[in-house]
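Okay, structure first, notes after.
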Amino acid sequence: MLKSYRQTAVLWLSLLFFITAVQAEVKVFEPSFPAFNAQSYQQRSFKTERIGTAHFKNNVQIPVEGIAILNPLNDIPKYYRTYKPCTDQQPCRYDFTLPAQSIGHFKIVIFPNIGAILAPVSWQVIEADMGPSGVASALLMSPDRKEAIEIYNSSACMGCGMPYASLYFPEVLKESVENEFGGYVDQHKYLNIVRANPHKVLFSFKNPAYPAKSHGIALYSDNEITNYQNITVHLLPEHQAQARTVLNFFPFKNQFNFLK
């Protein structure tokens with residue numbers, strides 16, 4: 001299901017003009033692992049730029065990369081960036097405690113309209129997209145393509161966020177269907193969900209075709225800045241401990257858009 005974020009999310013806004021003619025569909029959640037498309041990756045239009053070093057409050061330092069995408073709003077400038085180089089005058093500081101053993105194993109990657117993501121240092125950005133409405137998605141994968149991190153941000157597009165949010169926040173399903181956006185249900189009970197607060201869910205699921213559980217965080221709030229964000233981490237059994245570090249950093253960087 002998360003794979004569908006990258007394929008359909010940036011098209012949702014234009015589809016809303018036509019969706020009223022179609023009966024809202026409630027789909028059944030099925031676990032999936034993102035497929036790697038070698039041809040699409042070779043033809044990628046985004047750029048990965050090394051922009052400096054991130055400093056954490058316990059003196060841990062790790063590299064920072066910025067992702068520049070083709071400008072979805074104008075032709076000039078050609079690339080759209082939401083970051084600046086880390087310098088002595090403008091250092092990249094995070095008031096977050098990163099375990100000392102993270103040195104040499106993690107990096108920060110900054111995506112348009114997603115923000116900073118913590119990822120294993122050897123991983124590559126496979127996809128990075130943002131539409132004119134601000135809907136953004138990204139995919140990172142390990143060099144062997146057996147592990148992945150998926151991120152999605154619906155921005156202020158209600159029809160882009162509500163269907164996906166309905167899977168983790170069941171109270172959203174009724175409104176999403178009434179507005180003809182559709183939704184998702186966990187009919188086969190794949191998901192384990194812990195409600196951290198009204199706007200934050202911790203989840204995990206076991207994909208029968210994947211050797212370990214996937215873990216993630218979903219954030220939802222019907223405000224005017226962004227209404228839905230999701231990160232899902234797929235790690236092999238020997239790397240499962242890294243999921244906690246990656247996920248702990250995600251809400252730290254993104255919770256400012258959501259009510260506590």
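The values are calculated or read from the model by the stated rules, or taken from the named source; none is laboratory data. Note that the structure is a prediction, hence the values are computed from the model and not measured. For neighbour counting, all protein chains shown are included, and Cβ atoms are generated from backbone atoms with ideal geometry for every residue, glycine included.
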If a residue has to be of a type in the set (D, E, K, R) and within 19 Å of L140 (Cα to Cα) to count, how many in region 55-112 make the cut?
3
Just need a number here: residues in region 156-174 that are within 21 Å of G134 (Cβ to Cβ) and either charged (D, E, K, R) or in contact with a Pro (Cβ under 7 Å, 6 or more places away or on another chain) (or both).
0
Which pairs turn up if I take residues in region 126-137 that are touching a residue at least 40 places away in the same chain (Cβ under 8 Å) and within 15 Å of Y164 (Cβ to Cβ) and look for partners that are of a type in the set (K, R) and buried (at least 24 other Cβ atoms within 10 Å of the Cβ) with beta carbon separation below 9 Å, at least 6 apart in sequence or on another chain?
none
Among the residues listed as V185, V194, V177, the single one being more than 19 Å from the chain's Cα centre (by Cα), at pLDDT 95 or above and more than 30 Å from D144 (Cβ to Cβ)
V185
Tell me the residue from V194, V201 that is under 17 Å from A243 (Cβ atoms), without any contact (Cβ under 8 Å) to a residue 12 or more places away in the chain and either touching a helix residue (DSSP H, G or I) at 6+ places or on another chain (Cβ under 8 Å) or of a type in the set (A, V, I, L, M, F, W, C) (or both), please.
V194
Lone unmet requirement of (1) modelled with pLDDT under 95; (2) buried (at least 16 other Cβ atoms within 10 Å of the Cβ) for S204:
(1)
Please state which one of P112, P99, P91, P120 is surrounded by fewer than 17 Cβ atoms within 10 Å (Cβ to Cβ) and within 17 Å of F250 (Cα to Cα).
P99
May I ask you to say which residue of P72, P77 is part of a loop (DSSP other than H, G, I, E, B) and surrounded by 17 or more Cβ atoms within 10 Å (Cβ to Cβ)?
P72
Evaluation of L139 against (1) exposed (fewer than 14 other Cβ atoms within 10 Å of the Cβ); (2) modelled with pLDDT of 95 or more; (3) not hydroxyl-bearing (S, T, Y); (4) not in a loop (DSSP other than H, G, I, E, B) (one fails), failing number
(1)
Filter region 147-195 for residues that are under 19 Å from I117 (Cβ atoms) and not in a helix (DSSP H, G or I) and give the result.
E147, A148, I149, E150, I151, Y152, N153, S154, S155
Selection from region 52-75 of residues that are without any contact (Cβ under 8 Å) to a residue 40 or more places away in the chain, in contact with a Pro (Cβ under 9 Å, 6 or more places away or on another chain) and more than 17 Å from M130 (Cα to Cα)
T53, H55
Can you tell me which residue among H199, H188, H215 is of a type outside the set (G, A, S), surrounded by 16 or more Cβ atoms within 10 Å (Cβ to Cβ) and under 15 Å from S32 (Cα atoms)?
H215
Only residues that are touching a helix residue (DSSP H, G or I) at 6+ places or on another chain (Cβ under 9 Å), in a loop (DSSP other than H, G, I, E, B) and modelled with pLDDT of 95 or more: list them for region 43-69, please.
V60
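Residue-wise test of (1) of a type in the set (S, T, Y); (2) farther than 24 Å from N37 by Cα.
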| position | (1), (2) |
| --- | --- |
| K78 | no, yes |
| T87 | yes, yes |
| P91 | no, yes |
| F96 | no, yes |
| A100 | no, yes |
| A116 | no, yes |
| L139 | no, no |
| P143 | no, no |
Considering every residue within region 9-29, establish whether at least one is crowded, with 17+ Cβ neighbours inside 10 Å and at pLDDT 90 or above.
yes
